[in-house]
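Worksheet: one structure, shown below.
Throughout, read-outs are computed from the coordinates displayed, never taken from laboratory work. Everything quoted here is computed from the prediction, not taken from an experiment. Please note: Cβ atoms are built from the backbone with ideal geometry, for glycine as well, and neighbour counts cover all protein chains shown.
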There are 2 protein chains.
Amino acid sequence: MADQIAKDAHLAATVLKTLSNDSRTVALKIMHDALRDSKDKVIEANKLDLKEAQTAGLSQSLIKRLDLASGDKYDSMLQGILDVATLDDPVGKITLATKLDEGLELYRVTCPVGTLLVIFEARPEVIANISALAIKSGNAAILKGGKESIHSFKAMADAVTGALSKSEVPKNAIQLVATRDEVGELLKQDKFIDLVIPRGSNALVKNIKDNTKIPVMGHADGICSIYVDIDADAEMAARIVVDAKTNYPAGCNAVETLLVNSSIATTKFIKVTQALLDANVKIRATADLIAALESANVAPHDNITLATEADFETEFLEFTIAVKSVPDVAGAIYHVNTHGSKHTDCIVTENADTAQKFLRGIDAAGVYWNASTRFADGFRYGFGTEVGVSTNKIHARGPVGLEGLVGYQYILKGNGHIVSDYAGAGGKKPFLHEPIQF
Amino acid sequence: MADQIAKDAHLAATVLKTLSNDSRTVALKIMHDALRDSKDKVIEANKLDLKEAQTAGLSQSLIKRLDLASGDKYDSMLQGILDVATLDDPVGKITLATKLDEGLELYRVTCPVGTLLVIFEARPEVIANISALAIKSGNAAILKGGKESIHSFKAMADAVTGALSKSEVPKNAIQLVATRDEVGELLKQDKFIDLVIPRGSNALVKNIKDNTKIPVMGHADGICSIYVDIDADAEMAARIVVDAKTNYPAGCNAVETLLVNSSIATTKFIKVTQALLDANVKIRATADLIAALESANVAPHDNITLATEADFETEFLEFTIAVKSVPDVAGAIYHVNTHGSKHTDCIVTENADTAQKFLRGIDAAGVYWNASTRFADGFRYGFGTEVGVSTNKIHARGPVGLEGLVGYQYILKGNGHIVSDYAGAGGKKPFLHEPIQF
């Protein structure tokens with residue numbers, strides 16, 4: 001069953017790959033209209049999910065994520081499809097062109113990755129969002145939702161499938177899989193599925209990464225750090241740390257670890273700590289820093305406790321921060337590169353040389369100088385939309401826009417050219433290797 | 001042990017990442033000189049390997065690959081290090097720059113992938129080649145050689161390690177691991193190792209892919225196809241197919257499958273078959289094509305036999321080709337996308353519309369029109385050097401040059417900017433999202 005779903009998606013992908021941007025854009029508009037016209041049906045189905053979630057005693061935050069009728073969520077979702085439709089076509093862009101010889105031209109051209117497997121939890125609007133992104137970028141997608149959104153999922157699946165049948169996009173290009181047992185089997189289809197995109201909790205992502213050979217684009221942890229340097233502007237440091245911790249602590253780009261140059265433990269650090277305490281942040285600091293806070297009469301304090309080693313590998317996702325002193329920027333880099341999650345890390349300093357060391361030394365998708373880690377976001381980066389945030393080292397890193405859903409192919413156009421005419425393969429002709437203007 | 005090797009490499013990578021192109025280039029020159037000065041020692045060690053290989057009765061082709069003294073292999077290897085040293089720096093290239101707001105600038109900058117694990121079999125010159133590529137691109141590398149080249153490996157490792165100690169590159173940036181048992185443990189170090197590059201047989205690559213969660217860049221199979229269309233120039237088709245099959249049949253870019261439009265079975269196909277038979281190629285054809293060859297009095301022939309299904313998923317790597325008829329270009333695309341290995345596939349046709357369908361429809365790293373599949377090679381593409389050929393769908397595809405060893409980071413430079421000032425995060429400021437010229 002899972003292998004058939006995956007094979008069907010793969011074959012649909014090979015057709016979808018050949019469609020023009022116009023055909024893909026038209027399909028998105030038809031999908032938009034179908035979901036708009038099915039709004040009542042979908043909201044009704046969604047109410048069933050909400051009722052069952054309440055009966056099952058699921059958490060309020062989950063129920064909130066599940067609720068499609070709240071505020072303008074449904075209309076934003078519809079608008080999102082139109083927004084994706086108007087984005088630049090990511091497919092067919094030439095990124096390299098070389099004349100190998102007279103009449104023998106090599107082009108590197110962006111193309112869809114192929115077949116995506118998107119696994120998500122409560123948020124049913126992901127269906128519209130990901131379907132739009134997949135079709136726009138020419139990828140087939142298999143969408144696997146959680147059981148808590150099963151009714152909304154089915155109603156939306158009907159609308160999407162009905163819409164695609166009126167477009168040039170093959171119906172198997174978007175397949176919605178609702179049953180629970182399929183996930184494990186789908187994760188084994190590395191012959192047909194090219195990329196897995198998890199949209200959900202850390203536990204979900206970790207579980208997927210541990211159970212598939214298919215590349216996974218996403219992040220499990222977001223352990224972001226801020227290093228306050230000896231040459232930091234203390235007020236700026238306080239403002240950045242408070243923003244990064246409190247603006248949206250559940251975000252993967254919220255700061256979790258504060259590193260402080262040990263020379264400023266009794267000076268600038270006191271100012272930063274006061275600002276955090278004023279913002280109701282709980283501080284878990286190393287013993288030397290607690291001593292410094294005591295000497296400044298800031299500690300003892302109910303919200304200041306001794307940090308454990310584990311605190312520096314913890315994504316708190318709440319108003320708690322782990323704080324540690326380091327001797328210098330090298331110490332900060334070492335800490336981040338051994339304890340961080342390669343998401344986004346920041347230095348606060350007025351010293352450009354020190355900043356440069358940090359920017360070059362940190363092994364993370366985002367490295368910031370004097371700016372809140374919360375800027376790590378596709379919308380803020382100007383990508384128009386966001387597929388997710390990747391902490392992988394290859395392919396897409398950081399906030400991923402449509403570009404993360406394309407790869408490239410080499411296209412070679414000749415006129416009967418054979419290698420045995422060329423030097424190195426039995427012949428004498430040299431290669432020209434001249435750039436072609438594009 | 002393996003975890004310590006991997007952790008050391010990871011830490012060395014974070015230092016290597018910060019070195020300038022000059023420092024990395026100087027290190028390569030020191031490495032070149034050390035290997036030049038150790039030539040006698042290395043060749044002596046290599047003779048020991050050759051002797052043991054002969055005693056163990058290893059194949060002549062393996063012994064040939066092992067032999068560092070044959071022809072100008074050693075000097076080419078040395079020259080290769082200098083060639084890599086003079087390549088453009090792949091690190092630190094800006095690929096996107098956006099002004100998010102006044103004083104808040106986002107840059108996407110290429111950076112090393114991190115730590116590479118390179119696993120290779122007989123060829124000891126890979127040590128010099130990969131060490132040079134890794135250092136040039138700012139990556140740490142763990143090199144794991146086969147036991148058949150252990151003596152050459154140790155002699156070269158001494159020279160390389162000695163050379164690095166005289167440079168700014170940390171000594172753990174290149175670690176050479178000789179013992180057999182380490183491989184399995186190294187493949188588990190996904191916390192520290194970012195990319196595995198296998199250089200060896202299909203069996204080696206398959207085994208590695210099956211036993212690691214780390215991304216693997218390479219290819220197991222190279223099942224390349226050529227489709228001869230109804231509108232093909234028969235002479236050109238014959239020339240291309242013979243070149244692609246016979247120029248170097250052991251190459252991964254050699255053709256293995258010939259697809260023929262069924263309408264030309266008794267015409268153009270006869271010409272192509274004659275050319276293949278003249279070149280001593282064994283033909284395994286489907287029944288309808290054998291009938292066509294019989295009607296033209298070309299079959300029965302000792303070198304023409306009936307193809308099995310398995311032949312169309314076989315990498316022959318010798319003078320044998322599997323041949324099948326397809327009704328049209330769509331049939332050819334379907335066959336390639338279900339039986340191919342995403343390496344390189346070609347259409348021979350004079351019809352631009354048909355060619356366009358094929359170029360758009362084929363899901364492979366290389367898609368060719370009227371040119372031999374043997375062109376799929378980093379040197380021929382003009383990359384100067386080749387890390388390998390990738391049949392992955394993400395990150396690097398096809399022949400991979402230095403570019404395949406870099407990813408990117410986002411660098412954000414601010415002046416105390418916090419998100420809570422901006423719309424969508426509690427504030428009112430809009431983003432500018434203006435491109436910065438670079």
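222 nm [θ] for chain A, helices only, -39500 (n - 2.57) per DSSP H run of 4+, per residue, to 500?
Computed ellipticity for chain A at 222 nm equals -12000 deg cm²/dmol.
For labels at A:GLN54 and A:ASP22 in the simple 7 Å Cα→Cβ model, what's the distance in nm?
Going from the A:GLN54 label point to the A:ASP22 one covers 5.0 nm.
Report the trypsin sites (Lys or Arg not before Pro) located in the stretch B:136-188 that are in a DSSP loop and have at most 12 other Cβ atoms inside 10 Å of their Cβ, or state none.
Passing sites in the stretch B:136-188 are B:ARG180.
Specify which residue in the list A:LEU405, A:PHE312, A:SER295 is farthest towards the positive end of the charge dipole of the stretch A:294-438, using unit charges on the beta carbon of Lys, Arg (+1) and Asp, Glu (-1), about the Cα centre.
Toward the positive end, the furthest listed residue is A:LEU405.
Could you give, in nm with one decimal, how far A:THR86 is from each other copy of that position, shortest first, with labels 7 Å out from Cα toward Cβ?
5.2
Say the cut-off is 29 Å between C-alpha atoms; which of A:LYS144/A:LYS393; A:LYS93/A:LYS147; A:LYS73/A:LYS147; A:LYS144/B:LYS99; A:LYS271/A:LYS357; A:LYS41/A:LYS144 go over it?
From the list (A:LYS144/A:LYS393; A:LYS93/A:LYS147; A:LYS73/A:LYS147; A:LYS144/B:LYS99; A:LYS271/A:LYS357; A:LYS41/A:LYS144), the Cα-Cα distance tops 29 Å for A:LYS93/A:LYS147; A:LYS144/B:LYS99.
Using the Cα gyration tensor of chain A, with a ≥ b ≥ c the square roots of its eigenvalues, what is the shape: rounded (a/c below 1.5), prolate (a/b larger than b/c) or oblate (neither)?
Here chain A falls in the oblate category.
Between the label point of B:ALA250 and that of the same position in each other copy, find the distances and list them shortest first in nm, with every label point placed 7 Å from Cα along the Cα-to-C-beta direction.
Here B:ALA250 shows inter-copy label distances of 6.0 nm.
Calculate the length of the line joining the C-alpha centroid of the stretch B:231-276 to that of the stretch B:365-438, in whole Å.
36
Taking a ≥ b ≥ c as the square roots of the Cα gyration tensor eigenvalues, with a/c under 1.5 meaning rounded and otherwise prolate when a/b beats b/c, else oblate, which class fits the stretch A:2-210?
The shape class here is prolate.
Do any GluC sites (Glu not before Pro) in the stretch B:35-140 lie in a loop, going by DSSP, with at most 13 other beta-carbon atoms within 10 Å of their beta carbon, and if so which?
Those that pass, being in a loop and sparsely packed, are B:GLU102.
Compare the Cα positions of A:PRO170, A:ALA34, A:ALA69 along the charge dipole of the stretch A:2-210 (+1 at Cβ of Lys, Arg; -1 at Cβ of Asp, Glu; about the Cα centre) and return the one farthest towards the positive end.
A:ALA69
Order these by the 10 Å Cβ neighbour count, fewest first: B:MET156, B:MET217.
B:MET217, B:MET156
At A:LYS64 and A:ALA423, where each label point lies 7 Å from the Cα along Cα→Cβ, what is the point-to-point distance in nanometres?
The two pseudo-label positions are separated by 6.9 nm.
Tell me, A:ILE223, A:ILE150 in order of fewest to most beta-carbon neighbours within 10 Å?
A:ILE150, A:ILE223
Distance in whole Å from the B-onto-A rotation axis to the closest C-beta of chain B, together with the residue it belongs to, please.
Whole-Å result, nearest residue of chain B to the axis: B:HIS395, 2.
For A:PRO90, what charge total do you get from the other residues with a beta carbon under 13 Å from its beta carbon, if Lys and Arg give +1 and Asp and Glu give -1?
In short, +1.
Please give me, ordered by residue number, the trypsin sites (Lys or Arg not before Pro) of the stretch B:15-123 that lie in loop per DSSP and have at most 15 other Cβ atoms within 10 Å.
Sites meeting the loop and neighbour criteria: B:LYS93.
Could you give, in nm with one decimal, how far B:GLU52 is from each other copy of that position, shortest first, with labels 7 Å out from Cα toward Cβ?
6.4
At 7 Å along Cα-to-Cβ for each site, give me the label-to-label distance between B:LYS99 and A:SER263 in nm.
So the two model labels end up 3.5 nm from each other.
Taking +1 at the Cβ of each Lys and Arg and -1 at the Cβ of each Asp and Glu, which of B:MET236, B:SER225, B:GLY200 sits farthest along the dipole of the stretch B:192-252 towards its positive end, judged by Cα position relative to the Cα centre?
It is B:GLY200.
Using r as the Cβ-Cβ distance of A:SER295 and B:LYS41, and R0 as 56 Å, what FRET efficiency do you calculate, to the nearest 0.05?
Approximately 0.35, to the nearest 0.05.
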